[in-house]
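Notes for the one structure printed next.
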Amino acid sequence: MTDSSIPETEADMSGATPRRRPKTPVLEVGGRRLSPSTLMMGHAFDPMLSEGSLKPPIFLTSTFVFENAAAGKRHFEGVTGKRPGGAEGLVYSRFNGPNQEILEDRLGIWDDAEDALVFSSGMSAIATMLLALVKPGDVIVHSAPLYAATETLIGRILGRFGVTFLDFPAGATEAEIEALVDRARAQGHVSLIYLESPANPTNALVDVEAVARVRDRLFANDEDKPPIAIDNTFLGPLWQQPLKQGADLIIYSLTKYAGGHSDLVAGGVTGSKKAINPIRMMRNTIGTITDPHSAWMLLRSLETLELRMSRAGENAVRVCEFFRDHPKIESVGYLGFLEPGTRQRDIYDRHCTGAGSTFSLYLNGGERESFAFLDALKIAKLAVSLGGTETLASAPAAMTHLSVPDARKQELGITDNLVRISVGVENADDLIADFEQALKAV
């Protein structure tokens, strides 16, 4: 809440003035709305409120001193939900903190979102969202495949509490999505539609616009429509902004492109205030907020997000062109190679502004060939994760998706010859030389 939204006397009495933020954030200059890459350098932080420090200090404290008792009461009214809108001041580091709040303000800028929350990991963001929105006996509709831990959380953990799910393949048509959602409605209360696009690790795209139309059509007479949440880690926030296609919530593993240096673990959710509020209340209760140091490191990383993602995307184009016609490669699951006239290309043209830097590589052969390729790499590192400055490669069927039943892996295209590659910001010619020598070992 800003100074202008409450009387000055009330702000003085309650201590509700948010002193760690500038009173009037600069969002435009000379009538020009500033771009996210510019706003990352100083948005939501006033150096004069921190001894003139150019960058936000790391606020390593567990609790915060109230200006007076009335301020403490008012802040707790916001934290506990007794008064809507959240805390207007700093209370306790399980609820909020200066580094986290500045980070949330900047994260929301990229998606043009009303609100944002940050978490201790991508999975804690997903888990907190599910606990906030889903109750025993509910039905979740989701796209497939999902990140293996997300599938486990929905199918096994929530399944203990009577939560069921129905899923549709990532490339499903609007009619197929509608039929599936209609089945889910007949099965019980649909509390959430959860998407992952591009899907991990196949890179298949979900038609978010079609999902939104189906949701709005089938639940037109319902007071509360199920929110649409989407894991946007592979392309966001630079190459895809799903709120524009009708999603209500965007989920991120901030470990990936947002953090971008493989030196932290964090998660984020952006979206409308209405959709975010129950998730904030759940986070306040179970304490899944990220720590101040990780938040501070993410503020550092957001300053170079556009530069890093752009360079990695340019490198991926060249690397994938090398793989495309190589005799030892069966196919390359790269969004830049989608055939014109196909449904996947249509979704890409409507939803995406870039093909990203993470792709699926299918080698001729099976596990032996994929392992030989991975073991021969010299520059690219054999490790899970993606979106870092360095190039990473892994075998999803044997690693990140090992827990997925074999029959489902085959159904979803997660085969033994699949290698997932996340291209970094190294010299593209060096990367190509590394991949070329590694393929000789296959």
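A few remarks follow.
- Hits among lysines - C-alpha to C-alpha of residue 73 under 20 Å, sequence gap 8 or more where chains match: 82
- Projecting the Cα atoms of 63, 251, 441 onto the charge dipole of the chain, computed from C-beta unit charges around the Cα centre, puts 63 farthest toward the positive end.
- Exposure proxy order (Cβ contacts within 10 Å, fewest to most) of 234, 165: 165, 234
- In the stretch 115-274, taking the dipole from charged Cβ atoms about the Cα centre, the farthest positive-side position among 242, 126, 203 is held by 126.
- Taken along the Cα-to-beta-carbon direction at a fixed 7 Å, the label points for residue 411 and residue 38 span 5.0 nm.
- The amide H of residue 167, built 1.01 Å from its N in the peptide plane, has 142 as neighbours under 5 Å, considering only residues 5 or more places off or on other chains.
- Amide H contacts under 5 Å for residue 401, placed H, 5+ residues apart: none
- Cα-centred dipole magnitude for the stretch 305-439, charges only on beta-carbon of K, R (+1) and D, E (-1), debye, nearest 20: 320
- Qualifying trypsin sites (Lys or Arg not before Pro) in the stretch 67-152, DSSP loop, other Cβ atoms within 10 Å at most 11: 82
- Taking 310, 360 and counting other C-beta atoms within 10 Å, the order from fewest to most: 310, 360
- Placing unit charges on the Cβ atoms only, positive for Lys and Arg and negative for Asp and Glu, gives the chain a dipole magnitude near 720 debye about its Cα centre.
- Share, in percent, of DSSP beta bridges within the chain that are antiparallel, nearest 5: 60
- Nearest 10 degrees, 0 to 90: helix 273-286 Cα axis against the chain principal axis: 90
- Taken along its three principal axes, the alpha carbon spread of the chain comes to 74, 53, 41 Å, from the longest extent down to the shortest.
- Diffusion coefficient of the stretch 305-439 by Stokes-Einstein, Kirkwood radius over Cα pairs, 20 °C, 1.002 mPa s: 140 µm²/s.
- For the stretch 115-274, averaging the sequence separation of C-alpha pairs within contact (under 8 Å, six or more residues apart) and dividing by the residue count gives a relative contact order of 29 percent.
- Exposure proxy ranking for 143, 191, based on other Cβ atoms within 10 angstrom of each Cβ and starting from the fewest, stands as 191, 143.
- Sites count as exposed loop sites when they are GluC sites (Glu not before Pro), lie in a DSSP loop, and have at most 12 other Cβ atoms within 10 angstrom; the longest stretch of the chain without one is 224-442.
- For residue 267, residues with placed amide H under 5 Å, excluding near neighbours: 119, 120, 121, 122, 254
- Centroid-to-centroid, using Cα positions, the stretch 366-406 and the stretch 145-185 are 26 Å apart.
- For the chain, calculated [θ]222 nm from helices alone, where every DSSP H run of n ≥ 4 adds -39500 (n - 2.57): -11000 deg cm²/dmol
- Hits among lysines - C-alpha to C-alpha of residue 256 under 18 Å, sequence gap 8 or more where chains match: 381
- P(r) of the stretch 115-274 over all Cα-Cα pairs, binned every 5 Å from zero, in whole percent: 2, 9, 19, 24, 22, 15, 6, 2, 1, 0
- Among the trypsin sites (Lys or Arg not before Pro) found in the stretch 234-290, not one is both in a DSSP coil and sparsely packed, with 16 or fewer other Cβ atoms within 10 Å of its Cβ.
- Value of relative contact order over the chain, rounded to a whole percent, pairs C-alpha under 8 Å and six or more apart: 15
- 19 Å Cα-Cα reach of residue 55 towards lysines, excluding residues that sit fewer than 8 places from it in its own chain: 23
- Taking every C-alpha pair closer than 8 Å and separated by at least 6 residues, the mean separation divided by the residue count of the stretch 305-439 gives a relative contact order of 31 percent.
- Ranking 161, 320, 403 by how far each Cα lies toward the positive end of the dipole of the chain (charges on Cβ) leaves 161 at the top.
Every read-out reported here was derived from the displayed coordinates using simple, explicitly stated rules and does not represent laboratory data. In this text, all values refer to a predicted model and were calculated from it rather than measured experimentally. Glycine also receives a Cβ, built like all others from the backbone with ideal geometry; neighbour counts cover every protein chain displayed.
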